Amino acid sequence: MSVVEDRVRVVIAEDSVLLREGLTRLLTDRGHEVVAGVGDGEALVKTVAELAAAGAPPDVVVADVRMPPTHTDEGVRAALRLRRDHPGVAVLVLSQYVEEQYATELLAGSSRGIGYLLKDRVAEVREFVDAVVRVARGGTALDPEVVAQLLGRSRKQDVLAHLTPREREVLGLMAEGRTNAAIARQLVVSDGAVEKHVSNIFQKLGLTPSDGDHRRVLAVLTYLNS
């Protein structure tokens, strides 16, 4: 798919001017449109509301978890407000460290258009930009470190008791937003083997074909909400 076809409109919320400008450059150099850049949570909420009122909401917001004035949870709180007030706007949050509580809150509140990446992931430019586009289009993008911690914490839950170690591994890669083909390459197995594992995961988690294309995300949310 070409860059033009994938073009998305982005609002960036990051109090570090240097990082905000860097993210803007990364995205615009690849054909995307950064419609606004702000430095705190309140400005983020206000900006998205104004754009939505003008009939031109962004496709996705990229926001730091911690922003002024206290540098604790302003960014993630703003993200949660946006998910509530503007459910059509996707959200990708960036964090210096894995914050399990914040990740769980964000993921538990929605099954579409959500992402949580560590800031180190920005250095992998192609993966970062792909994640922004995937989230903007209604997919998910979870940092492997986030997935590892959440899966590790959740293994004691009954909902995962019937999954094999390989199925847990596949579920973790699904949570990162990877396709079956990408999972097959990562695990060095056939596409058919991955399809079988995914099918088994859906069955064991009680996700039927009637749940449609969102079953991949629902599979992740099932254990997060258990």
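Brief remarks on what is shown
- Matching residues, the stretch 8-32, being of a type outside the set (A, V, I, L, M, F, W, C) and touching a Leu at 6+ places or on another chain (Cβ under 8 Å): 14
- Cβ-Cβ under 6 Å pairs, at least 6 apart or on other chains, the stretch 177-201 side in contact (Cβ under 8 Å) with a residue 60 or more places away in the chain and surrounded by 18 or more Cβ atoms within 10 Å (Cβ to Cβ), far side in a helix (DSSP H, G or I) and basic (Lys, Arg): 177/134
- Any hit, the stretch 71-93, residues being more than 19 Å from the chain's Cα centre (by Cα) and surrounded by fewer than 16 Cβ atoms within 10 Å (Cβ to Cβ): yes
- When residues of the stretch 164-202 are limited to those that are among the polar types (S, T, N, Q) and in a helix (DSSP H, G or I), the one nearest to residue 143 (Cα to Cα): 186
- Flag not set for residue 76, criterion: farther than 20 Å from residue 19 by Cα and aliphatic (A, V, I, L, M).
- Among the residues making up the stretch 28-42, a single one is at pLDDT 95 or above, under 19 Å from the mean Cα position of the chain (by Cα) and closer than 18 Å to residue 75 by Cβ: 34.
- Residue that is modelled with the highest pLDDT, among those in the stretch 6-27 that are in a helix (DSSP H, G or I) and in contact with a Lys or Arg (Cβ under 9 Å, 6 or more places away or on another chain): 19
- Test: residue in the stretch 136-150 that is at pLDDT 90 or above, surrounded by 14 or more Cβ atoms within 10 Å (Cβ to Cβ) and closer than 28 Å to residue 62 by Cβ: yes
The values are calculated or read from the model by the stated rules, or taken from the named source; none is laboratory data. Because the structure is a prediction, the values reported are computed rather than measured. As a convention, Cβ positions derive from the backbone with ideal geometry for all residues, glycine included, and neighbour counts pool all protein chains shown.
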